[in-house]
Amino acid sequence: MELGAHSLAETFRRLITNTGPISLTHFMGESNARYYSGKDPLGDGGDFVTAPEISQMFGELIGLWMADMWIRAGKEEPVYYVELGPGRGTLAKDALRAARKYGLQPYIHLVETSQALKDVQLQAVPGAIWHNDLSTIPQDGPMLLVANEFLDALPIRQLVRGPDGWRERMIGLENDQFAFVMGGQNMDPAVPVEFRDAEEGAILETCPAAAAIMYEVAGRLVDQGGAALFIDYGHAKLKTGSTFQAVRNHTKVHPFAAPGEADLTALVDFETLARIAQSRDARHIGTVTQGDWLRALGIETRAQNLAAQAPQYAQDIAVAKDRLIAPDQMGDLFKVMALASHKWPGGVGFPED
């Protein structure tokens, strides 16, 4: 696998040498495409662990939330469970098991491009149908969509405030090593008005791919009905600063160290994504912290019940619960954003309109 990392780095170096600096979008997009194409990056043997792998409670509560929404919306059929970047299929398996208890048995559609992960998902969620993107998902019934730690891996763009205005932050070479450099084109029109006069050196991040997905999901919710949950680490309000980072073997590494061999991510800008959804007339039910949302859905009671059923695992269950909801772990950094058709109800765990 090191050969793959070496060859991608060399490809970038040749490209920069021959044509000049490349965008961060290009670097991150190519690197993550290579990273996800041929391996299972999750779990103890991978590079990181996601919430569904920490505890079954996470997926179960998502399934109960979706079942509650569907029941209060009138139990319309057919109904489709759609997951973007379903990882090992653990979330889908847990969510669908919980939803079935309340009569929700949707058709299962997974958006996944990694063959390695598809093979794992097939074991967890037999009967699922796979798609490369949203365009082939059926439109003849409401959609219950979930995307957990999906948006953070989409390629971002960075803008930096220079002495004479905003420029794109590019990647060039210094002594044959990757380094950030400033692009030549003025980017002031792409910067929100409230940030135009930020101090020199300030950085703003945008994610065109996330914006495009949000635009499509919101349009589908309006056209066919349904609800969506986006769960990721990110900001409820747009902020300046670079959040571009890399994880390999459960450890943060420099994002330039091994392109194609580390998971490159950035914090999600939920404020901008909510505005995009509302521009398509989708309902933004709300954006709250993961800790508050899981507590509102009853994770503490669920943990007590599981511990009572299996006392020998009580300590593990408590540790997993705290990891999901504690403010200094995933509880505050991770956010949950809910969208829906205006014909659908508000959702549990979000402030009333």
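The values are calculated or read from the model by the stated rules, or taken from the named source; none is laboratory data. All figures in this text were calculated on a predicted structure; none of them were measured in a lab. All Cβ positions, glycine included, derive from the backbone under ideal geometry; neighbour counts span all protein chains shown.
Being of a type in the set (D, E, K, R) and either crowded, with 24+ Cβ neighbours inside 10 Å or more than 24 Å from THR265 (Cβ to Cβ) (or both) is the filter here; which residues of segment 49-92 pass it?
GLU60, ASP68, ARG72, LYS75, GLU76, GLU77, GLU83
I need a count of the residues in segment 251-286 that are within 30 Å of GLN224 (Cβ to Cβ) and either surrounded by 23 or more Cβ atoms within 10 Å (Cβ to Cβ) or among the aromatic types (Phe, Trp, Tyr) (or both).
7
GLY172: touching a Pro at 6+ places or on another chain (Cβ under 6 Å) and either modelled with pLDDT of 95 or more or under 23 Å from GLY29 (Cα atoms) (or both), yes or no?
It is true that GLY172 is touching a Pro at 6+ places or on another chain (Cβ under 6 Å) and either modelled with pLDDT of 95 or more or under 23 Å from GLY29 (Cα atoms) (or both).
Do you know which of the residues in segment 156-181 that are crowded, with 20+ Cβ neighbours inside 10 Å and of a type in the set (A, V, I, L, M) is nearest to ASN32 (Cα to Cα)?
Looking at the filtered set, the residue picked out is ILE156.
Quick check: is even one residue across segment 210-221 touching a strand residue (DSSP E or B) at 6+ places or on another chain (Cβ under 7 Å), more than 30 Å from LEU324 (Cβ to Cβ) and of a type outside the set (Gly, Ala, Ser)?
Looking for residues that are touching a strand residue (DSSP E or B) at 6+ places or on another chain (Cβ under 7 Å), more than 30 Å from LEU324 (Cβ to Cβ) and of a type outside the set (Gly, Ala, Ser), one finds none in segment 210-221, hence no.
Considering only residues that are touching a residue at least 24 places away in the same chain (Cβ under 8 Å) and over 24 Å from the mean Cα position of the chain (by Cα), which ones fall in segment 181-221?
VAL181, GLY183, MET187, PHE195, ARG196, ALA198, GLU199, GLU200, GLY201, ALA202
Of these, THR243, THR251, which one is of a type in the set (Ser, Thr, Tyr) and at pLDDT 95 or above? Full working, then the answer.
On the way: THR251 fails: at pLDDT 95 or above.
Within the list THR243, THR251, the selection yields THR243.
Checking the conditions here, which among ASP263, ASP322, ASP292, ASP328 is touching an Asp or Glu at 6+ places or on another chain (Cβ under 6 Å) and not hydroxyl-bearing (Ser, Thr, Tyr)? First the steps, then the outcome.
Values: ASP322 fails: touching an Asp or Glu at 6+ places or on another chain (Cβ under 6 Å); ASP292 fails: touching an Asp or Glu at 6+ places or on another chain (Cβ under 6 Å); ASP328 fails: touching an Asp or Glu at 6+ places or on another chain (Cβ under 6 Å).
Of the residues listed, the single one that is touching an Asp or Glu at 6+ places or on another chain (Cβ under 6 Å) and not hydroxyl-bearing (Ser, Thr, Tyr) is ASP263.
Identify, from the list GLY127, GLY103, the residue that is surrounded by fewer than 21 Cβ atoms within 10 Å (Cβ to Cβ) and either at pLDDT below 95 or of a type in the set (Val, Ile, Thr) (or both).
Testing whether each residue is surrounded by fewer than 21 Cβ atoms within 10 Å (Cβ to Cβ) and either at pLDDT below 95 or of a type in the set (Val, Ile, Thr) (or both) leaves just GLY127.
Would you tally the residues in segment 309-352 being part of a loop (DSSP other than H, G, I, E, B) and either closer than 13 Å to ILE231 by Cα or in contact (Cβ under 8 Å) with a residue 40 or more places away in the chain (or both)?
13
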